[in-house]
Amino acid sequence: MTAIATQSDPFTMLSFSPAGHPRHGAYQIVLMPWMSRLPSHFRSQTIFSEVQKLYCAKGHPLFDIPDERITDAHLKAQPFAGRTYMTDETICGVTFSWSAATPHMEGTLLLLLSGVYIGFLPDHYAEESVHTGQLRVIAPERMTFEDPFHIAYPRERPSRATEALARAIVAGVEAKGWCWARTARRAWAWLNPGKNRH
C-alpha cells in the first residue's frame, strides 16, 4: 500500500498495487469500471453496474446530522475521497472538494474510516460497516448513482483462455439468478492464483 501527501500538496493518493490496466500488459483480461478513453485496440463489454452511495464515518462532522439538514454546500465543504478514474468529476450535481483519491473501494473505505473524508462506495460493500455503526449513508435519495463495469481485453489475437474466460464471465452474469459478485471473485481468482481478495 502506498500513500502520498506533502505539506505543499495535501492531496492524498492511496494505492494498494500496480495498476491492472490491460494496456500495461500485466493482465490478459481486466474487470474494470467504465473508461471512456479505453484504447481502440481493446474490446470491451459492460456486464453489470454497482449502486454507489455517499458515506461518512463515525466521528465525521456530518455523521449525526439528519439528511434533510445536509445541503450541497455542506457536501462541497467536506474533504472528498474519490476514485482515480473519475477525478474532478461532478457527481450527483455536486462539485466535491477532491482531497484524496484511490483506485480501489478498499482504499476509499480506509480513507472514510479516518473520519476526515466523505466518499462514494458500492452499497453492497459498505453494508456491513453501516450495520456495525462505523459508516452512515448520506442523503441516499439524491446522492446515489450507478457505476457500470466492463471486461476489457486486446481486440487482436487474444488467447483462447482469455476469450473463454470473457465468455464465461458474460454468461455467468447474464444467467438468471447468478450473483455478479461471485462471478467477479471467481474471475479474479482464476487470473491471480495464490492471492486473496475480499
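The values are calculated or read from the model by the stated rules, or taken from the named source; none is laboratory data. Since the model is a prediction, treat every value here as computed from it, not as a measurement. Don't worry about glycine lacking a Cβ; one is built from the backbone with ideal geometry, like all the others, and counts go over all protein chains shown.
Quick notes on this one:
- From the list A152, A126, the one residue that fits, being closer than 20 Å to S49 by Cα and outside the structural domain of D67 (by TED's automatic domain parsing), is A152.
- Any strands (runs of 3 or more DSSP E) falling wholly within region 115-169 and containing at least 3 residues that are surrounded by 19 or more Cβ atoms within 10 Å (Cβ to Cβ): 118-122, 144-154
Residue-wise test of (1) surrounded by fewer than 19 Cβ atoms within 10 Å (Cβ to Cβ); (2) at pLDDT 95 or above; (3) in the same structural domain as H124 (by TED's automatic domain parsing); (4) part of a loop (DSSP other than H, G, I, E, B).
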position: S36; (1), (2), (3), (4): yes, no, no, yes
position: P39; (1), (2), (3), (4): yes, no, no, yes
position: H60; (1), (2), (3), (4): no, yes, yes, yes
position: D64; (1), (2), (3), (4): yes, yes, yes, yes
position: L75; (1), (2), (3), (4): no, yes, yes, no
position: Y85; (1), (2), (3), (4): yes, no, yes, no
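- Scanning region 68-120 for residues that are aliphatic (A, V, I, L, M) and touching a helix residue (DSSP H, G or I) at 6+ places or on another chain (Cβ under 6 Å) yields a count of 5.
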